[in-house]
1. With everything on Cα atoms, drop me the angle between helix 152-162 and the longest principal axis of the chain, reported from 0 to 90° to the nearest 10.
2. Please compute the alpha carbon radius of gyration of the stretch 69-139, then divide it by the globular-protein estimate 2.2 N^0.38 Å. Two decimals is fine.
3. If you split all Cα-Cα distances of the stretch 16-160 into 5 Å bins from zero, what percentages do you get per bin, shortest first?
4. Which far-off residues, 5 or more places away or on another chain, put their amide H under 5 Å from the one on Y54, with H placed in the peptide plane?
5. Output wanted: per-residue J couplings in Hz (rounded whole) for the stretch 127-138, from phi through Karplus 6.51 cos²θ - 1.76 cosθ + 1.60, θ = phi - 60°, x for Gly and Pro.
6. Among rounded, prolate and oblate, which fits the stretch 28-77 when a ≥ b ≥ c are the square roots of the eigenvalues of its C-alpha gyration tensor, a/c under 1.5 means rounded, and a/b larger than b/c means prolate?
7. Could you go through the stretch 190-201 in sequence order and give the Karplus-derived ³J(HN,Hα) for each residue, using 6.51 cos²θ - 1.76 cosθ + 1.60 with θ = phi - 60°, rounded to whole Hz, and x for Gly and Pro?
8. For the stretch 131-200 and the stretch 43-62, what is the separation of their C-alpha centers, rounded to whole Å?
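Nothing in this text is a laboratory measurement; each read-out follows from the coordinates by a stated rule. Note that the structure is predicted; figures quoted are calculated from it, not measured. Glycine also receives a Cβ, built like all others from the backbone with ideal geometry; neighbour counts cover every protein chain displayed.
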Amino acid sequence: MKGYRIQIIRHGQTEANEKGIYIGKTDYPLSEKGKKELVDKLDEFDYSGVERVYSSPLKRCLETADILFENREILVVNDLRELDFGEFEEKSVEELINREDYKAWLKGGLENSAPGGESIADMITRIYLALDKIIKNMMNDDLTSVAIVTHSGVISNMLSCFGLPKYKPDQITCKVGEGFEILVTAQMWQQAQAFEIIGRVPFYK
């Protein structure tokens with residue numbers, strides 16, 4: 001049975017990441033440091049073999065895709081965007097730590113959300129929609145190897161909810177410009193909404 005390989009890559013650093021503040025829907029570009037880190041990775045790792053790139057609509061992902069996958073077609077998938085942190089957007093832990101609603105949010109739970117923000121359950125729903133769109137697009141266009149450039153929260157929840165073997169979200173972390181490769185077949189996706197987690201990417205040259 002035909003298999004479809006997808007590399008799921010985390011975007012590069014922004015000034016907000018460097019400052020340690022929450023950013024979800026806020027559209028920060030890559031920082032100069034973030035761009036340099038990605039360019040340096042091109043010397044160390046092999047990002048070839050990808051036929052198309054699917055990206056979050058946010059600048060930090062589109063810029064990452066441009067750097068790591070030069071001359072590859074990039075398609076924007078809106079549902080690959082990061083979690084909306086609501087009132088916690090662009091705030092640091094130090095600014096939030098004494099807020100009762102922040103303490104409640106940190107306790108977790110699929111339906112728990114920041115004030116005015118998005119719940120994990122809602123994000124998981126749109127991650128499914130994004131994956132379904134991408135996998136069907138690959139099948140329709142006869143593509144067998146693509147990349148997704150998205151956010152750390154999307155990656156951890158995508159792999160923990162739909163990946164095999166099963167991991168908790170906090171067990172699935174990756175550095176900027178790096179991520180995981182998955183393998184999916186039409187049968188796996190249609191019958192179980194699942195894929196196999198093969199391992200980490202990119203590969204060393």
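1. On a 0 to 90 degree scale, this one is about 60.
2. Dividing the Cα radius of gyration by 2.2 N^0.38 Å gives 1.44.
3. In whole percents, the pair-distance histogram is 2, 9, 17, 19, 19, 14, 10, 6, 3, 1, 0.
4. L75, A147, I148, V149
5. Taking θ as phi minus 60°, the curve returns 4, 4, 4, 5, 4, 4, 5, 5, 4, 5, 5, 4 Hz for the stretch 127-138.
6. Oblate shape, in that a/c is at least 1.5 and b/c is the bigger or equal ratio.
7. 5, 8, 10, 6, 9, 9, 9, 7, 7, x, 8, 9
8. Comparing the Cα centres of the stretch 131-200 and the stretch 43-62, I get a distance of 14 Å.
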